[in-house]
Each structure stands twice: as structure tokens, then as C-alpha cells.
Amino acid sequence: MNEQQFIEALKKKGIELSEKQIAQFKKYFELLVEWNEKMNLTAITDLEGVYLKHFFDSISASFYFDFSKVITVCDVGAGAGFPSIPIKICFPHLHVTIVDSLNKRITFLNHLSDELQLENMNFVHARAEEFGQNLKYREQYDVVTARAVARLSVLSELCVPLAKQDGYFVALKAAAGAEELKDAKKALTTLGVKLKEEYSFKLPVEESDRTLYIFDKIKGTPKKYPRKPGVPNKTPIQ
């Protein structure tokens with residue numbers, strides 16, 4: 001997917017990019033490739049791959065969830081900024097917090113944000129488990145999202161505690177989504193969310209399977225979650 005195909009594909013979905021936004025994506029691609037030579041941000045560095053598998057794939061969440069109706073977004077383990085920064089470029093009103101456990105990535109994201117002139121961005125170097133127990137962040141966000149960080153039973157424990165009551169947890173998944181959802185049933189109930197909507201679709205060009213889950217936060221998350229760093233991964237709520 002080249003730049004023009006990317007612009008056209010978004011237009012078909014109702015997102016018309018301005019010249020400024022087109023330039024922001026271009027700069028994003030350049031900085032990603034440049035910094036990737038110094039640190040491992042992504043295995044995908046060709047223009048067509050980045051525009052399809054990172055930019056378009058991230059924004060696909062907004063085809064099914066209306067980001068224009070929310071303000072605060074927390075992205076857990078965003079790595080090089082996916083999915084929240086492409087979404088932020090398309091929806092500039094959003095206030096975005098990204099938490100990542102690797103300080104090098106936070107350094108990149110700060111630089112990226114400055115270069116793209118993004119406002120209302122907050123980058124926090126922390127383990128998601130500790131971040132979720134910090135009262136400054138816990139149950140503070142309209143939407144908490146993540147892409148390809150961990151299987152759903154683990155991911156929900158890292159994300160749900162950050163969503164405010166009546167907020168949302170939006171999980172971007174590949175083909176194994178349905179199986180993960182089955183395994184995560186107990187975790188999701190325990191943490192206080194219920195499945196609102198699920199969407200299955202194909203990423204264009206390569207036709208790979210994608211699933212998007214939108215969960216409603218219906219009650220507060222019990223204080224014990226998230227548990228200590230490493231525990232959710234070793235012993236998911238089952």
C-alpha cells in the first residue's frame with residue numbers, strides 16, 4: 001500500500017486526510033526507519049509495509065469504534081506508537097497516554113511527537129502492571145487500547161484497570177481472536193468488562209484476518225488487579 005493508496009483507502013472509510021496529516025504520516029515513516037537502525041522498533045521497514053501493516057492496520061480500529069466521541073486514550077505497550085499515534089494523527093483532539101516498559105522506545109516516541117507537532121501526548125516509562133496500580137492513571141481513561149501485546153486473558157488484566165467506569169477496552173487482534181476470547185472469559189468478567197461488539201475483517205492487499213473487540217467497562221476493577229509484574233503472563237486469570 002503506497003501513500004496514495006493509503007489516502008484513498010482511508011477516504012473510502014470516511015477519513016479525509018489534510019495536507020498536514022499526510023505530511024505527518026510521511027515524517028512518521030521516515031523517523032521510524034531512521035531510528036530503527038539504532039534500536040529494534042519494527043521488523044517492517046519498507047514503505048508499503050509500514051503504511052499497510054502499521055498505519056492502516058492501526059487506524060482500522062476507528063472504522064468500528066468512534067474515536068470522535070471520546071477524549072482520553074491510553075495505549076498499553078505501544079512500541080513504536082501503534083495503534084494510538086496513527087489514530088491520534090487522524091483524530092487530533094485526542095489526549096493520548098502511552099505506557100511502555102522500554103525507555104529507549106519512550107525516547108523515540110517523545111522525539112516523534114515533537115517532530116510531528118502532536119499536542120496532548122503523554123509518554124510513561126513503566127511496566128503496565130505497576131502503571132495500572134498507580135492511582136494517577138487507574139480508571140482514568142475513556143478508552144484503553146492495545147495491539148499485539150499479549151493474548152487477551154493477559155492483555156485484559158493490563159488494560160481494563162485503566163479504563164474508567166462506562167469507558168471502553170478496545171483490543172486489536174489477528175486471526176486467533178476467537179480462541180483468545182474464549183480463554184479470556186473469566187478474566188474479562190472478573191476485571192469488570194463485557195463484550196459490546198466484535199468485528200472480523202481483512203486487512204486489504206494481503207487479505208490477512210483481523211478481529212476487533214470492543215468491551216464496555218461496566219463496574220470497577222477489583223483492587224488486586226493488575227497483579228505484580230510478570231504474574232499476569234505466568235498465571236492468567238482462568
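The values are calculated or read from the model by the stated rules, or taken from the named source; none is laboratory data. What you see is a predicted model, and the numbers here were worked out from it, not measured in a lab. All Cβ positions, glycine included, derive from the backbone under ideal geometry; neighbour counts span all protein chains shown. Keep in mind that these areas ignore ligands, DNA and RNA; they rest on the heavy atoms of the full protein, side chains included. Shrake-Rupley method; radii C 1.70, N 1.55, O 1.52, S 1.80 Å.
Observations
- Val154 vs. criteria part of a loop (DSSP other than H, G, I, E, B) and among the hydrophobic types (A, V, I, L, M, F, W, C): no
- Matching residues, segment 205-223, being more than 19 Å from Ala150 (Cβ to Cβ) and either among the aliphatic types (A, V, I, L, M) or surrounded by fewer than 16 Cβ atoms within 10 Å (Cβ to Cβ) (or both): Val205, Glu206, Glu207, Ser208, Ile218, Lys219, Gly220, Pro222, Lys223
- Among the numbered conditions (1) in contact with a helix residue (DSSP H, G or I) (Cβ under 8 Å, 6 or more places away or on another chain); (2) surrounded by 19 or more Cβ atoms within 10 Å (Cβ to Cβ), the only one that Lys194 does not meet is (2).
- Residue check: Ala43 meets all listed conditions (1) more than 26 Å from Ser200 (Cβ to Cβ); (2) in a loop (DSSP other than H, G, I, E, B) but one, namely (1).
- Top-ranked residue in segment 21-35 [being free of Cβ contacts under 8 Å to residues at least 12 places away in the same chain and under 16 Å from His111 (Cβ atoms); ranked as nearest to the chain's Cα centre (by Cα)]: Glu30
- Answer from Asn120, Asn103 - the residue that is surrounded by fewer than 16 Cβ atoms within 10 Å (Cβ to Cβ), touching a His at 6+ places or on another chain (Cβ under 6 Å) and at positive phi: Asn120
- Within segment 38-56, considering residues that are modelled with pLDDT of 95 or more and over 23 Å from Asp75 (Cα atoms), the one surrounded by the most Cβ atoms within 10 Å (Cβ to Cβ): Leu47
- From the options Ile98, Ile59, residue that is at pLDDT 95 or above, in a helix (DSSP H, G or I) and open to solvent by less than 20 Å² (accessible area, probe 1.4 Å): Ile59
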